[in-house]
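Enquirer: Quick one: the structure is below, and I'll ask about it shortly.
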Amino acid sequence: MNKMTSPSLLERLENGPVICAEGYLFEMERRGYLQAGAYVPEVVLENPHAVTELHREFMNAGSDVIEAFTYYAHRDKLKLVGREGDLEEMNRTALKLAKEVAQEGDALFAGNICNTNVFLPNDADSKKAARAMFEEQVGWAMEAGVDFIIAETISFFEEALLALEVIRSAGAISVVTLAVHREGLRDDFTVPEACQRLKDAGADVVGMNCIRGPNTMLTVMEEVSKEVEGPLAALPVPYRTTDKEVNFQALTDPGCDCIPDRAFPTALDALTCNRYEIAEFAKKALALGINYQGVCCGAGPHHIRAMAEALGKTPPASRYSADMSKHYALGDDARLVKENMEFAEKL
Ligand SMILES: [Zn+2]
């Protein structure tokens, strides 16, 4: 695809919904390529083929954006696992892998920065450190030729603003999504207020990602949509969060007594949304005018395909969307064996 003729993120958002598959850390951990806990994307250097494959799976399922897997490939995390020396190579490799797959189709190629885990609101040194972390990662992303940069999963408004400033001074289009925990943002801003301020500061797309499941993200984004002009973003985790357990860190699994109270992060399986729940989310979010959608930690290609189809798209993977008419017992195709169809009652 000639990038000169391929529409930009903002042009695409004007014409309809754009999907961005996220959640690479969780999926790679599930597949056995990185460690829960520190959650560093070491897979980028050790098993790059696995990253390429997941990018392809998400694109095949309808992701319009291939996001470089640089989430937590930042200085603080690499220091934590004793790999600071691999920082630049990990970022540049992740960017290269994403760009290659994006160019195989018509997807946008996005850079990524995220919560630094060093930022503290009243600590100038911590802010300086966070800025330096953003600057180096944004610098590598710009050199790789990204179409835009995502600043995601940030739970301090001020940290998000700092990330935005760095992206804007590099001259890139920005998507800024906030991580909203049980009690809201970690500084004294409401989510609509934070989104509005980010918009005022020049963010191209604002909203929420991660932490909350479809239902408990929508209640907050509904408020945002009333107060803030789009484009807006919503990328929930595909877990059944509730009014009592609004975020996936708080979820418990009453059906399992072999784990401690908290199902996060490695025992969430039974609490996963099915594809139909994600499709419902996509339609409700679209009705609120939310045009930048996706799924975060826990996302599988089937979720992305369901979201794409709910938003009126037909990704390549739709070729294999369920057609139960041909199921040996539950189907109604004329070629099926009658006795098996009668057996359906006993299934
Ligand atoms: Zn996430």
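Enquirer: Are there GluC sites (Glu not before Pro) in segment 1-61 that DSSP puts in a loop and that have at most 11 other Cβ atoms within 10 Å, and which ones?
Expert: When the GluC sites (Glu not before Pro) of segment 1-61 are filtered for loop state and at most 11 Cβ neighbours within 10 Å, nothing remains.
Enquirer: Excluding K199 itself, what net charge comes from residues whose Cβ is under 12 Å from its Cβ, given Lys and Arg +1 and Asp and Glu -1?
Expert: Numbers: positive: R197; negative: E193, D200, D204, E227, E229.
Net of charged neighbours comes to -4.
Enquirer: Relative to the longest principal axis of the C-alpha atoms of the chain, give the angle of the C-alpha long axis of helix 214-227, reported between 0 and 90° and rounded to the nearest 10°.
Expert: The angle comes out near 50 degrees.
Enquirer: Counting other C-beta atoms within 10 Å, and keeping those with at most 14, which DSSP coil trypsin sites (Lys or Arg not before Pro) do you find in segment 8-82?
Expert: Loop-located and lightly packed - R31.
Enquirer: Please state, rounded to one decimal and in Å, the Kirkwood hydrodynamic radius that segment 29-68 gives when every pair of distinct Cα atoms enters the mean of 1/r. It would help to have the intermediate numbers written out before the result.
Expert: Numbers: mean 1/r = 0.0918 Å⁻¹.
Every distinct Cα pair counted, the radius reaches 10.9 Å.
Enquirer: Same structure again: In whole Hz and in residue order, list the ³J(HN,Hα) couplings for segment 69-83 that follow from phi through the Karplus curve 6.51 cos²θ - 1.76 cosθ + 1.60, θ = phi - 60°; x for Gly and Pro.
Expert: Taking θ as phi minus 60°, the curve returns 7, 10, 4, 6, 8, 10, 4, 5, 5, 5, 4, 4, 9, x, 10 Hz for segment 69-83.
Enquirer: Can you give the local net charge around A124? Use residues other than it whose beta-carbon is closer than 14 angstrom to its beta-carbon, Lys and Arg +1, Asp and Glu -1. Mind showing how you got there, number by number?
Expert: Numbers: positive: K127, K128, R131; negative: D123, D125, E158, E159.
Local charge sum for A124: -1.
Enquirer: For labels at D333 and Y320 in the simple 7 Å Cα→Cβ model, what's the distance in nm?
Expert: Computed distance between label sites D333 and Y320 equals 1.6 nm.
Enquirer: On to the next question. In square nanometres, what is the average projected area of the Cα convex hull of segment 159-236?
Expert: Answer in nm², one decimal: 4.6.
Enquirer: Contact order normalised by length for segment 258-320, with contacts defined as Cα pairs under 8 Å and 6 or more residues apart; what percent is it? Intermediate results must be reported in sequence, preceding the final value.
Expert: Details: 36 pairs, mean separation 20.7, N = 63.
After rounding, I find 33 percent.
Enquirer: Compute the relative contact order of the chain as a whole-number percentage, counting only Cα pairs closer than 8 Å that sit 6 or more residues apart in sequence.
Expert: Reported relative contact order: 17 percent.
Enquirer: Using only Cα atoms, what Kirkwood radius does segment 79-142 have, in angstroms?
Expert: Roughly 13.3 Å, rounded to one decimal.
Enquirer: Taking N as the number of residues in segment 5-157, what is its Cα Rg relative to 2.2 N^0.38 Å? Walk me through the numbers on the way to the answer.
Expert: Details: Rg = 15.3 Å, N = 153, 2.2 N^0.38 = 14.9 Å.
In units of the globular-protein estimate, segment 5-157 measures up at 1.03.
Enquirer: For the chain, treating each Cα as an identical point scatterer without solvent, what Debye log10 I(q)/I(0) comes out at q = 0.09, 0.12, 0.13, 0.15 1/Å?
Expert: Computed log10 I(q)/I(0) values: -0.47, -0.83, -0.97, -1.30.
Enquirer: Which whole-number percent is the relative contact order of segment 182-289 (Cα, under 8 Å, 6+ apart)?
Expert: 25
Enquirer: In segment 195-243, what GluC sites (Glu not before Pro) fall in a loop by DSSP, with at most 11 other Cβ atoms inside 10 Å?
Expert: Qualifying residues, ordered by number: E229.
Enquirer: 7 Å from Cα along Cα→Cβ at both T272 and E222: what's the point-to-point distance in nm?
Expert: 2.8
Enquirer: Quick one: if you take sqrt(5λ) for each eigenvalue of the C-alpha gyration tensor of segment 2-84, what semi-axes come out, biggest first, whole angstrom? Before the final figure, lay out the partial values.
Expert: On the way: eigenvalues 162, 40, 26 Å².
Listed largest to smallest, the semi-axes of segment 2-84 are 28, 14, 11 Å.
Enquirer: HN-Hα J couplings of segment 310-323 from phi, Karplus 6.51/-1.76/1.60, θ = phi - 60°, integer Hz, Gly and Pro as x?
Expert: 5, 9, x, 9, 10, x, x, 5, 5, 3, 10, 5, 3, 9
Computed from the coordinates by the stated procedures, all read-outs in this text should not be read as laboratory data. It should be emphasised that the depicted structure is a prediction, and the values quoted were computed from it without experimental measurement. Cβ: placed from backbone, ideal geometry, glycine included. Neighbour counts: every protein chain shown.
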